[in-house]
Amino acid sequence: QVHLVESGGGLVQPGASLRLSCAASGRPFNIDAMAWYRQAPGKQQRELIAKISSDNIAHYKDSVKGRFTISGDTAKKSVTLQIDDVRPEDTAVYYCYADVKFDSPYYEGTYSYWGQGTQVTVSS
């Protein structure tokens, strides 16, 4: 089992910057990739906004490129999301996601985990 804990959400004014953090812990594992999703108010589904692989290759949703920066620390098993020039449309619950492999022959393959989410509200 792996636990993901997000932090850094809150109420921010338009134009400000915000940094979200996520730390993973649990039985011995290695990170394949970590990502941030968000679910906007009234939306049924979470959308992938940024993902980073264990070799530090990052991918972004087109609409957030240039404002969002994802960075990962494989050794610390953590990931951050820097959001610059926040906009009201960034209001959402932001979820951390991880694909991991366990250091155990009893748990083969890749396992996926979610954090509980952190609310980001952009309003003046």
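The values are calculated or read from the model by the stated rules, or taken from the named source; none is laboratory data. Model, not experiment: these values are computed from the prediction. Neighbour counts run over all protein chains shown; Cβ positions are idealised from the backbone, glycine included. The protein model used for the area step is the full one, side chains on, heavy atoms only, and it has no ligands, DNA or RNA in it. Shrake-Rupley method; radii C 1.70, N 1.55, O 1.52, S 1.80 Å.
Couple of notes before you dig in:
- Between Leu11 and Asp62, the C-beta separation translates, for a Förster distance of 22 Å, into a calculated FRET efficiency of about 0.25.
- Our coupling estimate for the range 83-96, obtained by passing each phi through the Karplus curve with A = 6.51, B = -1.76, C = 1.60 and θ = phi - 60°, is 10, 9, 6, 4, 10, x, 6, 7, 4, 4, 8, 9, 10, 8 Hz, Gly and Pro reported as x.
- Simple Cβ-charge dipole of the range 72-124, Lys/Arg +1 and Asp/Glu -1, about Cα centre, in debye nearest 20: 160
- Structural descriptor for the chain: relative contact order 36 percent, calculated from alpha carbon pairs under 8 angstrom and at least 6 residues apart.
- Protection proxy ranking, peptides 32-41, 14-23, 54-63, 90-99, average beta carbon neighbours within 10 Å, highest first: 90-99, 32-41, 14-23, 54-63
- For Phe29, residues with placed amide H under 5 Å, excluding near neighbours: Asp103
- Fraction of accessible area attributable to carbon and sulfur, the chain (%, probe 1.4 Å): 47
- Cα centroid separation, the range 69-106 to the range 11-32 (Å): 5
- Label point at Gln44 placed 7 Å out along Cα→Cβ; residues across the range 83-124 whose backbone nitrogen lies under 19 Å: 93
- Looking at the range 24-124, the accessible area is 56 square angstrom per residue; that uses a 1.4 Å probe and ignores ligands, DNA and RNA.
- Residues whose amide H lies under 5 Å from that of Lys61, counting only those 5 or more places away or on a different chain, are Ala50; hydrogens are built 1.01 Å from N in the peptide plane.
- Stretching the chain fully between Lys101 and Gln1 yields a gain of 34.9 nm (0.36 nm per residue, less the alpha carbon separation).
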